[in-house]
Amino acid sequence: MVEPFISCEYEPGKSKNGCSKCEERRHVITTKDLMDRYNIKTRQGIIQFVKKHLDEINHDGEEHATIQKGEWSFDTEAVRVLDQLRGLHDQATITELESEKVSNAQQESHNLRILLLKTQQDLNTAQQQVITLQQSLIAKQHELSEVKVKALEGQQNKNQAEALRGEVDRLKKEGQAIEEEQKQLQEKLSAAESERDSLRQQLIEKENQPWWKKLFA
């Protein structure tokens, strides 16, 4: 069980006639105290959490969480509310809550890795298709050059010349179709590369995310 902060034998709010020492210490719970209590490694982490729930902490109109000269201080009521928000009723609850959130974060990273792998596979396929089309285009251009040479050599034979001109036109159209397909594939390739880079960045951010951010997610 997580023990509550108690300044002395009186719990604040339980008796209006608590000792003066108790009243003086009602607002001396510091940000560092809360960092240690909740095992949060950064001041930014605990301050963000406090700001997010400030209305709940000061639910009764009293200022249970205050800031002076950039330093936050809290009374026992603030800690009680924060404990509830954090689910700190007993150690089993803490472990279960944090394990679930860490597990979810790990699953998200796993899903991103799978998606990244699939995107890379699609990218590799598209790159291979581009290479194949480039080879086909080179072959068509070579074939076209040979037909043009034959056409020039066969100009004296009218029938042969017409047949060769038809072959030239056919090869030109096939070459243009290959070029268009290659252009579309290059666009697909660029899109796949952008998606891959985006997924890589998401994965890096997810895996480098401080653990306390995963817990507050």
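Listed here are the residues, each with its yes/no results for (1) within 30 Å of Lys173 (Cβ to Cβ); (2) surrounded by fewer than 12 Cβ atoms within 10 Å (Cβ to Cβ).
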{"residue": "Gln107", "(1), (2)": "no, yes"}
{"residue": "Ile114", "(1), (2)": "no, yes"}
{"residue": "Gln120", "(1), (2)": "no, no"}
{"residue": "Gln129", "(1), (2)": "yes, no"}
{"residue": "Gln135", "(1), (2)": "yes, yes"}
{"residue": "Glu143", "(1), (2)": "yes, no"}
Candidate set: segment 193-206, residues that are among the charged types (D, E, K, R) and exposed (fewer than 13 other Cβ atoms within 10 Å of the Cβ); chosen: the one modelled with the lowest pLDDT: Glu205
Extreme residue, modelled with the lowest pLDDT, among residues of segment 143-156 that are hydrophobic (A, V, I, L, M, F, W, C) and under 30 Å from Gln129 (Cα atoms): Val147
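Residue-wise test of (1) among the β-branched types (Val, Ile, Thr); (2) in the same structural domain as Asn39 (by TED's automatic domain parsing); (3) at pLDDT below 75.
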position: Ser103; (1), (2), (3): no, no, yes
position: Leu115; (1), (2), (3): no, no, no
position: Thr125; (1), (2), (3): yes, no, no
position: Gln141; (1), (2), (3): no, no, no
position: Lys158; (1), (2), (3): no, no, yes
position: Leu171; (1), (2), (3): no, no, yes
position: Ile178; (1), (2), (3): yes, no, no
position: Ala191; (1), (2), (3): no, no, no
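The values are calculated or read from the model by the stated rules, or taken from the named source; none is laboratory data. The shown structure was predicted, so the numbers you read here are calculated from the model rather than taken from an experiment. Ideal geometry is used to build each Cβ from the backbone, glycine not excepted, and the neighbour counts take in all protein chains shown.
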